[in-house]
Structures are given as C-alpha cells and as structure tokens.
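Enquirer: Below you'll find the structure I mean.
What follows draws every value from the coordinates through simple rules; no lab data is involved. Not measured: the values here are computed from a predicted model. Here Cβ is always computed from backbone atoms with ideal geometry, including for glycine, and neighbour counts include all displayed protein chains.
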C-alpha cells in the first residue's frame, strides 16, 4: 500500500433493527494538499523503479483473489537491470524483480504494469533467476542523440533459492523519454502456495490460520508437535465460514509473537496454549460447522458451592471508562486489480450514542479487503466492551470438570449471596473460560470472562457481530484519461517460465563442524598471597613425643617477615590474646589445657617505614590445637627478675625441662631440696647457642616425689642476676 | 474412594524418539503403563496451565540432581528435545502399587526444554516454547549476496 493512496470515509449502512447508527451519505474525505512532488506525479503508481537492498527482508505475499475481492498490488524491488538503446536512441529497460518467498501463482498478462500501463513483456520463475538476459548497461552513443542517463550499477546474477522471481522487459521508449525507469507493479491474485488447513489443498490462501501455521513452521521453527493442529483447523474453518480473509504483503521485519498477538483479534481469534501446544481459537461461540453461533448456548458445566472453594471466588468489574459509548472506526482496503487499493473506513456505533465520538481507530488496511470483515471486527470490539461487564477467578476442587473443561468452553457459575436481612441474591452468569491452571494439590484454578446472553440464552456479542452488515458499496479509483495500455486488460496469458541458474560468487561459508566437549583437566589451586598474610606453619618441639602438642611442648613459629622489616608476634589462646608472650616461642602450659581443648594461634606483625609511611602486614601462624588430655604441668611463670623457681617434679627420677630464653646467652640450673640445700650434682649449665632458642632437656636428678626442687637461673653463673628477659620455665 | 494424582514425564525428540520415561508416584520401582516402562525419579511439576492468551509462563519441573537427571537434562536442552508431563487421577484405595488401567488423564502438557537451573542437589527444568520473544522474525529470510547477487543501484 503506497502512502499516496486516497482516503475516503464511508459510513456503514447498518441494520436499523439493531442498535447501530445508519449513515447513508458518503462523506467527502480529507485529501492532503498536493505538494510539488505530488503535483508532478499523476498517479501513486508513477514512481521510479526501486532497487532491492542487501539485507532487506524477502517479502511474503499471502493472498487469494476470489469473489471479486482480495489479492494485493505488488511493487517489487529490482535486483538486476539491463539497459539498451536502439539506433534511434529508444531505451529498453530490463528489470529482474523479487516477488515473494516461496512459489506464488502465475501472474497473468493483464496484471502486469509499468506505472499504471499494461506494457512490456515478462517471464516468471521460481527457485531461480527469471529471464535469460545479462545485467549491465549496454547503452551506446547514437549519433545525433543525447546519451540516455541509465544506471551503471546493474547487479549480478544470484541464486534466488526458494523465491519467486520475474524478469520484466519494458517497451522501447522513444528518445527523450525517461519512462523506462518507472516502477513495475503486479496485481497478484494468488500468493505463496501452501497446504491449506481448510481443504488440505496446496495453493494460495487468504486464511489467517494458514499464514500463522506457515510462520510457526518456517520462521520460528516451532516443532510440529507443539502446534495444536486441531485448533488451527477449527480456526481455519471459522475464518472460511465467516468470510474473514487476509491479503497481505509482509515486507517489514517484525517479531513473530508480536505480529500474531496483534493481528489475531482482527480475525476474531485469540492465541491459545492448550497444554503447551500453540493454536488459534475463535473468540465467539461457533457451531459444529464453524459458523458463529447465534442460537442458545448450553454451558459445558455448572459450578456451584459444591465445587468452588470458599474464599477463592473473586469478581473484577470492568471500569466505567472502559464501558463508555464510543465509535469504532475500522480502516480497510478495497483492493483494485489495476491500481493501488482504496483505503476506506467503516464506522460502527450503537444507535443514539457517541454521535461525535470519541473515535477509536483500528487500521486493518494492510490485510483486510472486505467491508464485511471490517464491520464484523468493529462490531465485536464495540459489543465486547459494551456487554461484558466483569471477569471472574475461582478455584475448584477436582471433580468431573477437571476432565471436561477446556479453555474457550462456556460454563455457568451460580452462587448465592445470602444475608440475614437483605435476602438472597444469586450470582448466576455464563462465562467463557480463559485460563485453567492445575496444581499439585489437585485444585483447579479458573480465570473466566463474562459471557453475556439474552433471555433466550444467545450470546449478545455474537448477535451484534452477525447483525453488522456492510453497505456493500464499492468505489472506483476514478482514474480518467486516455489509456496507455499496450497489453489487453482482459488477457489471461501466462508467458513461459524462462530462467537460469545463478552464479556462484564464492561468497558462501563452508559448513562448520562443531567440536565435541571433553572432560575438564589440568589446573591447580594457587594462592597469590594477597590475602591478609600467607600463613606459616609452626613447629612443635617436644622431645618426649615429637610433634605432639603436649604440656611443656614448645610451639615455634618460623620467621615470616621480609628482610628489612621489624617483626613482632602476638599469641592468642582461643582468640584471646595471651599477654606477655611476644616471641616466636609459645610453651604449652596449664592455661592451654582446658576442657574441650584450646586453639593456640599466633600472628606475625611485619612493620616497615618508607617515605614517612609505616606499613604493617600480618602473617598468621597456623593454629595448633591442644587437646584436653595434653597432660598436666606446673607452670613457673617468672617475672623478669625472679631468680628462683620452685616446682615439683616426678618422672622416674628425671626431669624434663623446657624453657626459652630470648637473649640470655647462658643459663645455669641447680637443684635444691625442700630445705633449700643444694643438691649435689644438679648443677647444669646450659649454653644457649643462640638467642631465642628453646630446649627440652633431660636433666637426670635423683629425687623422690616429695622433694621440692628449686631451679635457679643464673647468668652467666649461679648467684648472679640474670638479665631482665622473659624466661619461662615449665617443668613436667 | 480416595483421590490420588500421579505424574509421568517423557523426554523425546521431534521425530518421536523417546529418551527418558519417568514417574514420580511409585517410589523406588519401575512401573509399566501404556506399554512402556517408567523409571522412578523424584520430580514435581508445579502445575500446568492452558489458556486463550499468549505469553503463558514456562512450566517448571523440579527434580533431584542425580547423574541420570542432570545428563538427561543437559542432552535435552542442547538438542531442544520435547517433554510431555501427564497428570493422572485414580482411586488409590483400589490399588497403590502400580498404575491402574482405569486411571484418568487429567492433563498432559507438552513443551520444549528451553531452560533451567541447578545446584548441587536439585535441578529445575523449564518447559516452554522455542518461539523466542526476540529472535523469531518474519519474514524469515533477508536478501543476501548469494541470493540476489551484488544488487543494483537505480
């Protein structure tokens, strides 16, 4: 449909016995003021031939001309061209045109135009390039004549796989005429050939259900098992019986789901999802023959309080604004066989209402070519909004309805509103089931829309739709003047199919073979050390039981600070700091032996200063767990200046001593009895090889359990005060 | 009489080849119904819907993430297999050990395995339509160099 088509508003002559307004006069429609370009163009068909661009959609021509209605006027794009001039400089143009996806019916000679004139010759083909000429500019300079300005980029031959094509040769236009560059138009009486659902015949179709079925199969790749073929066939029958046809050229890319959702209501259909299968179903009740049912409706089921679960009944009323009178203005297309379609309007309103609007416009001109179709859609839109007052939701316990009711069925819901003072009021209506949800618990949820009926049980909406009758007035384009036709307007001649194979340009891509995924392998877990200090592992020094965290064992943390930093250590027992122990050694003592055990952990603090900025990093020591049965000890916790340590020992005549000394180079141990008499032979001088080291020494001592032995630490020898260092003695 | 419902699940491809048959009512046993053997897999279907509007939400199936289920699901979603979940109703007083010949089909939903999610213990399988809300376009083809050549400029 071109943008230059005229629009004439025509009132719909409706049945006065119903509630529609009748408008007998033809209103002169608004005609846009012609601009300069329009003034020069005598017809919307008289435009330059357009070229088809790479990336443009391959159009789908879906139509069927029958009963003097339908079909589409196609203005295809050219993909190749050739230009020649005769000795008297008459130019002949050749255009190769892409018509449609798939194979369309053969076009008759009377339906081929250049501008608005039946001229030229042509060949139509499918699945290959039509015609046998080679694209190119073959214009030569003729003496005494001006060189015609014909295009030079004339294209190359393609494959045209799966599409209908046409080769057009214009007449030889005389010197000075540029009519050779005008658009070619074709009136297509039969679009893409498909298997029609209605009669299972291969051929062109104007049935919207066929179009949707083709799109789902070819565009969306919906598996056939997910298409509800039964509902699609029923929808096709409904469309055939009600005369709602579809004659359309789909040339603009659009989303499939959106397109179907948008267009289906204009065919009085809705999409259905029946247990996962996609389909279409009429929005009006239909008879077994597929016609709109205007007789009494028998509901499939009666829902009462026996089935409806208490508290699940919910009514939602249509808002006041939605139900106000209005005029439905439906735009449709009266398709001519030799011109662009005349865009017309049909207005539908209830008698005595909305004389001055508001108007609600619905544009069906892309596909609707029958006034009957337009008025019925308009009547449905009007009646649905007028009559249907509410929607209903409820849940029902499983019963026979679980097996019987399907979406689209008509059901009756009857419940009583019983009050103590205001009597009884029944909620008793018919509904059309819109949605059914079945849950694991067994209850079934229904969403329904009000289905209004008259006193005879007939659908009010269906009655209004069937009562809408068109005026039946068909207009002409009123194109006057001398005919420029060369070919006959009654010629049904179909030229032979002449075509050729395309040329491989080497632009294809070889098919890819996907690789097969194998099992994962390799890799390793690494630590980048950027977390708060990498941990170091402590050594447990225990000469009695190597590596065992036992009373008296010494936990030694290795150095973890980098060179040039100052290191310090803090120890924690069950995350509480053990104050006073700052070195790398931690001697397991009484406080560490607890019910349930205890966890000893240390943290190195490495401090450095650079450029006035002090940075401290932390390196944790792997925690050591001291079990509850780690032994028992007597701790001698000195202060730095206490020289004498008393303790009790008993171990087969030997004493194991663990101690640590940070700085004191030499320690000396002596034993004293309970009278503080020196016990001969207990002098032990321990040379501390290097500060910070700890020993566990076996000190043989003859004693009895009752003797208290005092150990003296002296630096360098006994009697002298040791340096004020942290010295800890533990004896077991 | 006691009303009971059982669920059956079948994974198959567009050609009708069946890959998995599961049932979730008779634990720990394979049952025979409708001429086929149904393997016990603990799964649940959150309910199925049928309606007259488009854009229905996907149906979700929850199952334990056993090796069998995970492998079957991964194969199904890769190949775009179809899945049918059927709800049957029967009188459990009349027998609860095996499917009854008289059990009634309440509903059977068929969808394509279009998505899902999993953790270490469970897997959720989404059944729906492959009609991608964004990707599916009409017309399906566009003019390419191979189809129409280099094109002309008029």
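Enquirer: Once you have the Cα-Cα distance between residue A:143 and residue A:567, take 0.36 nm times their residue separation minus that, and quote the gain in nm to one decimal.
Expert: That pair, residue A:143 and residue A:567, stretches by 142.2 nm at full extension.
Enquirer: Give the separation of the Cα centroids, segment A:169-210 to segment A:108-164, in Å.
Expert: Spelled out, the Cα-based centre of one part sits 16 Å from the other.
Enquirer: Moving on to the next point. Using only the alpha carbon atoms of segment A:432-473, find the Kirkwood hydrodynamic radius as the inverse mean reciprocal pair distance, in angstroms to one decimal.
Expert: Hydrodynamic radius (Kirkwood, Cα only) of segment A:432-473 equals 13.3 Å.
Enquirer: Related question: So if the hydrodynamic radius of segment A:383-423 is defined as the Kirkwood radius over C-alpha pairs, what does Stokes-Einstein give as its diffusion coefficient at 10 °C and 1.306 mPa s, in µm² per second?
Expert: 116 µm²/s
Enquirer: If you consider only alpha-carbon coordinates, what radius of gyration and Dmax does segment A:240-338 have, in Å?
Expert: When restricted to Cα atoms, segment A:240-338 yields Rg and Dmax of 19.1, 65 Å.
Enquirer: Quick one: work out Rg over Rh on the C-alpha atoms of segment A:34-185, Rh as Kirkwood radius.
Expert: A ratio of 0.98.
Enquirer: Can you work out the FRET efficiency for the pair residue B:118 and residue A:513, with r the C-beta to C-beta distance and R0 = 35 Å, to the nearest 0.05?
Expert: Step by step, r from the Cβ atoms, then E = 0.75.
Enquirer: Cut-off is 10 Å between beta-carbons; in what order do A:95, A:605, A:320, B:8 appear when sorted fewest neighbours first?
Expert: Ranked by crowding around the Cβ, least crowded first: A:320, A:605, B:8, A:95.
Enquirer: Compute the distance in nm between two label points, each set 7 Å from the Cα along the Cα-to-Cβ direction, one at residue A:319 and one at residue A:520.
Expert: Each label point lies 7 Å from its Cα, and together they span 5.2 nm.
Enquirer: Please work out, to two decimal places, the log10 of the ratio I(q)/I(0) at q = 0.16, 0.19, 0.22, 0.25 Å⁻¹ from a Debye calculation in which every Cα of segment A:189-236 carries one identical scatterer.
Expert: -0.40, -0.56, -0.75, -0.94
Enquirer: Write down the Å³ per residue value for the convex hull defined by the alpha carbon atoms of segment A:150-291.
Expert: Taking the convex hull of the Cα positions in segment A:150-291, it is 160 Å³ per residue.
Enquirer: Using only the alpha-carbon atoms of segment A:95-206 as identical scatterers, what base-10 log of I(q)/I(0) does the Debye formula give at q = 0.17, 0.19 Å⁻¹?
Expert: -0.90, -1.06
Enquirer: Compute the Rg/Rh shape ratio of segment A:399-454: radius of gyration over Kirkwood radius, all on alpha-carbon atoms.
Expert: When Rh is taken as the Kirkwood radius, the ratio is 1.08.
Enquirer: Of all the Cα-Cα pairs you can form in segment B:1-127, what percent are over 19 Å apart?
Expert: 48 percent
Enquirer: Divide, for segment A:541-633, the radius of gyration over alpha carbons by 2.2 N^0.38 Å, where N is the residue count.
Expert: Dividing the Cα Rg of segment A:541-633 by 2.2 N^0.38 Å gives 1.22.
Enquirer: Can you give the FRET efficiency to the nearest 0.05 for residue A:545 and residue A:594, using r as the Cβ-Cβ distance and R₀ = 25 Å?
Expert: Working from the Cβ atoms, E equals 0.80.
Enquirer: Something else: From other protein chains only, count the Cβ atoms within 10 Å of every residue's Cβ in A:400-407, then give the mean.
Expert: Rounded to a whole number, the mean comes out at 3.
Enquirer: Quick one: what Rg and Dmax do you get for segment A:255-414 from the alpha carbons, in Å?
Expert: Over segment A:255-414's Cα set, Rg and Dmax evaluate to 19.2, 65 Å.
Enquirer: OK, next. Given C-alpha coordinates of segment A:285-342, what is the ratio Rg to Rh with the Kirkwood estimate of Rh?
Expert: 1.22
Enquirer: Bins of 5 Å, beginning at zero and ending with the bin holding the largest distance: percent of Cα pairs per bin for segment A:392-527, please.
Expert: Result returned by the calculation: 2, 5, 8, 8, 7, 6, 5, 4, 4, 6, 8, 11, 9, 6, 5, 3, 2, 1, 0.
Enquirer: A further question follows. Would you compute, from DSSP H runs of 4+ residues alone, the mean residue ellipticity of chain B at 222 nm, taking -39500 (n - 2.57) per run and dividing by the full residue count, rounded to the nearest 500?
Expert: It lands at -3000 deg cm²/dmol.
Enquirer: Treating the angle as unsigned and between 0 and 90°, give the value, to the nearest 10°, between the Cα long axis of helix B:67-79 and the longest Cα principal axis of chain B.
Expert: The angle comes out at about 30 degrees.
Enquirer: Turning to a different aspect of this structure: So between residue A:201 and residue A:476, what do we pick up on full extension, going 0.36 nm a residue minus the alpha carbon distance?
Expert: 95.7 nm
Enquirer: For the residues A:485, A:210, what sequence is obtained by ranking on other C-beta atoms within 10 Å, fewest first?
Expert: A:485, A:210
Enquirer: Another question, then. On full extension of the chain, what length is gained from residue A:295 through residue A:360, given 0.36 nm per residue of separation minus the C-alpha to C-alpha distance?
Expert: 20.4 nm
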